[in-house]
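To keep things clear, I will list the structure first and then write my remarks on it.
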């Protein structure tokens, strides 16, 4: 089978620069193949299996976006009373240009981002001060008197005595 493809591949290789130019000019692939005397699938096999040709093919497609936009403008200018048909053509050409060169003709989305800054220095300093204060022990300032101690002793003695009496079952 490779032998039968050799003459076709040689013809396509000889016409390769013309094919790329035709594609870049916005011409249809099927009509270009028909004009040069081979099938579309033969052309596809020729360029798809070689990385350099594949790159050249996609570059030609990308370059065709300008020619396609020119066709869209021409379709809009030559509406001749049939505005609906012209609108369909323009829409189709815009879509095709968008697919062939999305960086230039693709739809763009816009994102507005508002960034507000808040100075948290004072809040952080206050938190650090509270943290440092919590690490220090609490100091309870209290004064004692002998009367306070005696009443505390009396209460303790009374509580202990009550427990002893309960334990001895003297009640």
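No value in this document is a laboratory result; all are computed from the given coordinates. Predicted, not measured: the structure shown is a model, and the values here were computed from it. Glycine gets a Cβ as well: all are built from the backbone with ideal geometry, and neighbour counts include every protein chain shown.
Summary table
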{"quantity": "C-alpha long axis of helix 51-77 to longest principal axis of the chain, angle in °", "calculated": "80 degrees"}
{"quantity": "In Å, descending, principal axis extents of the Cα set of the chain", "calculated": "126, 52, 36"}
{"quantity": "Tilt relative to the chain, helix 83-100 - C-alpha long axis, 0 to 90 degrees, to 10", "calculated": "70 degrees"}
{"quantity": "Residue order, fewest to most beta carbons within 10 Å, for 95, 16", "calculated": "95, 16"}
{"quantity": "Helix 2-24 vs. the chain, principal-axis angle (Cα, 0 to 90°, nearest 10)", "calculated": "80 degrees"}
{"quantity": "Expected 222 nm ellipticity per residue - DSSP helices of 4 or more, -39500 (n - 2.57), all of the chain, to 500", "calculated": "-24500 deg cm²/dmol"}
